[in-house]
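Chemist: Shown below is the structure under consideration.
The values are calculated or read from the model by the stated rules, or taken from the named source; none is laboratory data. This one's a predicted model, so the numbers in the text were calculated from it and none came from an experiment. Note that each Cβ is placed from the backbone with ideal geometry, even for glycine, and that neighbours are counted across all protein chains shown.
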Amino acid sequence: MRVSGPLVEVEGVEGLSMLELITVGPQRIIAETVAIVGNKATLQAYEYTGGLKAGDVAAATGDELSGLMGPGLLGQVFDGLMRPLSSAPMWLTPERSGSLADPVVLAREWTFNPTAVAGTNVSPGDILGTVPESGSVEHRVLVPAGVFGELSWLAQESRVRGVDPIAVVAGTSVTLAEPSPIRRARPFRSRNTDAVPLHTGQRVLDLMFPVARGAAATVPGGFGTGKTMMLQQIAKWSDADVIVYVGCGERGNEMADVLAGLSQLEDARTGGKLIDRTVIIANTSNMPMMAREASIFTGITVAEYYRDMGYDVVVIADSTSRWAEALREFANRNGDLPAEEGYPANLSSELASFYERAGRVTTLGGQTASVTVIGAVSPPGGDMTEPVTTDSQRFVRSLWMLDRDLAYSRHYPAVSWTGSFARDAEELGAWHAANGRPDWAARRERAIALLAESDRLAELAEIIGSSSLPAQERVLLLGGRLLRDGVLMQNALNANDAFCSTGKAAALLDLVLDVVDACQRLIERGVSATTIEQVDLGPVLRAREECGPADAAAVRARGVEFLMELETLK
Amino acid sequence: MMDLRGASPGQGEAAAPAPAVRFAPQVSHGDIRELRGPLLVVGGVHGVGWDEFATVDMARGECRHGLVLEVDHDLATLQVLESTDGMSLEGIRIRFDGRPLHVQVGTEWLGRVCNGRGEPLDGGPPVTGTATLPVSGWPLNPVYRDPPQEPVLTGISVIDGLATLVRGQKLPIFSVPGLPHLTLATQIAAQATAGGQTFRVVFAAMGLTHADIAYVRDRLEERSAGGELTLLLNAADDPVIERILTPRIALTIAEHLAYTEGHDVLVIMSDMTSYAEAVREVSAARREIPARRGYPGYLYSDLATLYERCGRVKGRDGSVTIVPVLTMPGGDITHPVPDLTGYITEGQIVLSQDVAARGIYPPVDVLSSLSRLMRSGAGKGRTREDHLDVAAQVLAALARARQATELAELVGEAALSETDRSYIKYRTLVEEGLFDQGRDEVRSLADTLDRAWAALAALPKQELTMLSTALLEKYLPKGDDGE
Ligand SMILES: Nc1ncnc2c1ncn2[C@@H]1O[C@H](COP(=O)(O)OP(=O)(O)OP(=O)(O)O)[C@@H](O)[C@H]1O
Ligand SMILES: [Mg+2]
């Protein structure tokens, strides 16, 4: 046996297969088989390997790394290997390794309400029954993939544990909970191609760089540029049914913060608590590095599990860079040939295997459901040309690039309007048009043009001073400021501003565009640019914080009043 | 001499005392195969575990210490803390401890001055304790964490006012050689209180000059005499690899003082750049594939296992607050050490040469500084209702004032608009009135906030868009000195 950090090489374990789990040493540390040469196997250990010695025993388990999927996931916190942290001790020592199945979870009883009819024929994805949980998300028990035929027995309404059978289909017994291998995508019937927006409640995203349900998005940004805040806002306010929040190699305090924050916030759509639609996977930076690598796949498997029940799910991964670093660390110890910056050559295919599990699909049961994947990237030195950032961009539909200068000037969310993209914007514009918002696309285009124009003028003004610009251009400069500060900026700490409805976002943008138009008319009438620049813009800039989160009418009323006052300028 | 588990007290340099705790019978190994940089490879060993602690006995009774980095069949690779200088393949015996390095913890550490491995430098007996813990610590279950939310008052305006430190936070100071980062760190250590209570301070020095160490000892003399301070000192000319242990010992002591003894503990670690260089040296000797600038790819995780040891635990009294200090090589914030630190810590306090050149102490570049936990530790119910908004306004106005200054340099102050001129005036007021402060001046928070308001009063009211009308009415100084 050879041990170097998380890399363990063992000899003489017969009949191992790739990805098979092995336990090593007296503490039965869990490790995964990643290479087999003759009777030697290379293992990736999921715990601190301190004290592991040559001569320690290794035992194959016959299983692949799997998460136990069943009722009781929502509102809970798990580690990267899907072991509940709520029932784990204060200090996470390797003593708790051994078995992945948690006795507390296994012993818990649930009420099973049958909904299918015994004696009928069923196929994969059909609903057998439901299990009430504390929140509003109905837990649906499905016929597993690969199981067809007559439902010969279905449990009555009863109290059952996860391991208990609740149905027999063509001789196969179906249990309430099922282990799901995390590295394999759960099957579905087909991918859908139409684009439907995910409403995130963040204006800069919903207005400028929208994301479709089932698409993938990535958020690269240097430290402190606001990735985590943005992802937490999406976890809180997006209109998905279920959120899976993966804290991958990030801070413990942040996980505590997500947990506390979501437990307090009400879900406006259901009246429950937001935590009841959320599963948290926490593998903080000081927890064993390789479980970090697994946590991303654990998260996406949980998401697929809820997708299969017919829900729209969002998986948030903060940060995929820490996951990539775990890959690199292991590859380096394994002596793999490094490609760029020490990352293994298969980095981009690994990233693809994660992002490609996003999708809006028809499930085996025939429902339309989705997994949207949103991953943060933490580029070293804020360098946007590093491999994880550039590779991720190839696999996503939306890129939300965070800009350090914007963040330093406290412009949050610091989404760069020049560096970001939304590949589905056109299709989503069509969706908005078909759903009563025919002007969505045109408004977006005007906003993008105004930002570009005012950026250009600002550069010019830096050289010659803004007072030397023509009046019309000074108004555009002002318009750019209004758009940035009054619409794109969004204060996550303000109760009115943290979330923004589609209507309020449109009203705020209209307000700014109307003000720009009105100012141009004033200039034409001979009013000086200096006079316009001295107008108190407070009512426009403060509208986002002073009008309720969904109060488009209040914004419009404010606009009418402000424009009337503008008209009186001479 | 060296025994971190504390053993026979007060025996000079000559004898290696028998440790108090011993798990495995000690077999000694002499088959040294390789010496390379800080690494030593020993053969013929069986039953040695990864990360195990070992003692290296050399000729003439000298002994050094090592940690197992890799075990491969009967070969074990050790990193030698005191370096391999003067070693040869013959005449060395290795004794393995049977477990990773442990340290005795307890309140005995308070008031003590030790070297970077925890051996007394103050002439006292080796430190003993009430429990023995591994120095690497264990990850704290995130479910047990209590989100930090009580403000720490340092009496320093730029910090309390604009980047409030919170109990259980990790907030580093980024600096460049020559700036008074140690002065600032020791001022925080000397003055900080939370809820009116002072902190226990554990100070880990790594690679500091003797002059710096003397300054720290002198400045914190009072805290030391009061039994509120532990000093772990690895000087610039002390063994480099030993620096890898120093912060771990400090944090192990701190965790115990916090979560078992119920104290609020402040851990100051300086200089983290020297620490990271020691990690790099070991990595280079192992011929590992470097990520950036020769630093190993695991530096992020390595630093995280230190910084993440801060926090508060549900249902327990104490807390660990960490203030790492690091010097940015070449003043470059994208250098791996500040960069990876910034990715782990909850904000940063950045010192800048430019600010120092303007004669301001502490020379904090407030626009690039940030306390991420300030939002939960300041404001209504924590400090004062106007705190967060005032801080935001001070920063926004300062950003604008800098632009105005730059423009003035180009086109001349006379060509500026009246508004821009008021920003330039604001800048002078805020720098002199709020940012600049004495090296042992303690300011109350109310004083700090009032100074901020006084500076903001130089701006036309419609510029203060981040402050609500209600706050403006309540706090903005009247008696208009705007002209
Ligand atoms: N929408 C927002 N509203 C108000 N403040 C914000 C917002 N977004 C970010 N911030 C501020 O920026 C700080 C840093 O944000 P965040 O923690 O999300 O950065 P990050 O990009 O995740 O950094 P790291 O990579 O180090 O984790 C926050 O603590 C907060 O002070
Ligand atoms: Mg973050």
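Chemist: Hey, among the residues in region A:510-521 that are surrounded by fewer than 21 Cβ atoms within 10 Å (Cβ to Cβ) and of a type outside the set (D, E), which one's nearest to A:Q472 (Cα to Cα)?
Modeler: Looking at the filtered set, the residue picked out is A:Q520.
Chemist: Moving to a separate point now. Counting only residues that are in a strand (DSSP E or B) and within 14 Å of chain A (Cβ to nearest Cβ), which one in region B:327-363 is nearest to A:G249 (Cα to Cα)?
Modeler: Here the residue is B:G347.
Chemist: Here is a follow-up. In this structure, does A:V169 turn out to be β-branched (V, I, T), in the same structural domain as A:A369 (by TED's automatic domain parsing) and away from ligand 1 (no atom under 16 Å from the Cβ)?
Modeler: no
Chemist: For region A:79-167, please list each of the strands (runs of 3 or more DSSP E) lying entirely inside it that holds at least 3 residues being β-branched (V, I, T).
Modeler: A:127-131
Chemist: Residues to consider are A:A195, A:A260, A:A240, A:A185; find the one that is surrounded by fewer than 23 Cβ atoms within 10 Å (Cβ to Cβ), more than 16 Å from ligand 2 (Cβ to nearest atom) and under 23 Å from A:H139 (Cα atoms).
Modeler: A:A185
Per-residue answers, yes or no, for (1) farther than 24 Å from B:T405 by Cβ; (2) touching a Lys or Arg at 6+ places or on another chain (Cβ under 9 Å); (3) not hydrophobic (A, V, I, L, M, F, W, C):
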{"site": "A:N435", "(1), (2), (3)": "yes, no, yes"}
{"site": "A:R446", "(1), (2), (3)": "yes, no, yes"}
{"site": "A:E453", "(1), (2), (3)": "yes, no, yes"}
{"site": "A:S468", "(1), (2), (3)": "no, no, yes"}
{"site": "A:G480", "(1), (2), (3)": "no, no, yes"}
{"site": "A:R484", "(1), (2), (3)": "no, no, yes"}
{"site": "A:N494", "(1), (2), (3)": "yes, yes, yes"}
{"site": "A:C500", "(1), (2), (3)": "yes, yes, no"}
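Chemist: A:Q232 versus (1) surrounded by 24 or more Cβ atoms within 10 Å (Cβ to Cβ); (2) more than 9 Å from every other protein chain (Cβ to nearest Cβ); (3) farther than 30 Å from A:E9 by Cβ; (4) within 16 Å of ligand 1 (Cβ to nearest atom): which is the lone unmet condition?
Modeler: (1)
Chemist: Follow-up. Among residues belonging to region B:64-86 that are surrounded by fewer than 19 Cβ atoms within 10 Å (Cβ to Cβ) and not acidic (D, E), point out the one that is nearest to A:D56 (Cα to Cα).
Modeler: The qualifying residue nearest to A:D56 (Cα to Cα) is B:H73.
Chemist: Sticking with this one: Within region A:252-308, how many residues are touching a Phe, Trp or Tyr at 6+ places or on another chain (Cβ under 6 Å) and without any contact (Cβ under 8 Å) to a residue 24 or more places away in the chain?
Modeler: Count: 0.
Chemist: In this structure, is A:T130 touching a His at 6+ places or on another chain (Cβ under 8 Å) and either within 12 Å of another protein chain (Cβ to nearest Cβ) or not aromatic (F, W, Y) (or both)?
Modeler: yes
Chemist: Moving on. Any idea which of A:T298, A:T284, A:T218, A:T225 is of a type in the set (S, T, Y), within 16 Å of ligand 2 (Cβ to nearest atom) and more than 14 Å from chain B (Cβ to nearest Cβ)?
Modeler: A:T218
Chemist: Does A:N286 satisfy the criteria of being within 16 Å of ligand 1 (Cβ to nearest atom), assigned to a loop (DSSP other than H, G, I, E, B) and in the same structural domain as A:Q393 (by TED's automatic domain parsing)?
Modeler: yes
Chemist: Could I ask something else about it? For region B:366-395, name all the residues that are free of Cβ contacts under 8 Å to residues at least 24 places away in the same chain, facing chain A (nearest Cβ under 10 Å) and away from ligand 1 (no atom under 12 Å from the Cβ).
Modeler: B:G379
Chemist: Taking the conditions exactly as written (buried (at least 20 other Cβ atoms within 10 Å of the Cβ) and within 14 Å of chain A (Cβ to nearest Cβ)), does B:L153 satisfy them or not?
Modeler: So B:L153 fails the test.
Chemist: A follow-up question, please. Among the listed residues B:T305, B:T273, identify the single one that is more than 10 Å from every other protein chain (Cβ to nearest Cβ), modelled with pLDDT of 90 or more and under 17 Å from the mean Cα position of the chain (by Cα).
Modeler: B:T273
Chemist: Go through A:E304, A:E341 for me and flag whichever is more than 9 Å from chain B (Cβ to nearest Cβ), more than 16 Å from ligand 1 (Cβ to nearest atom) and of a type in the set (D, E, K, R).
Modeler: A:E304
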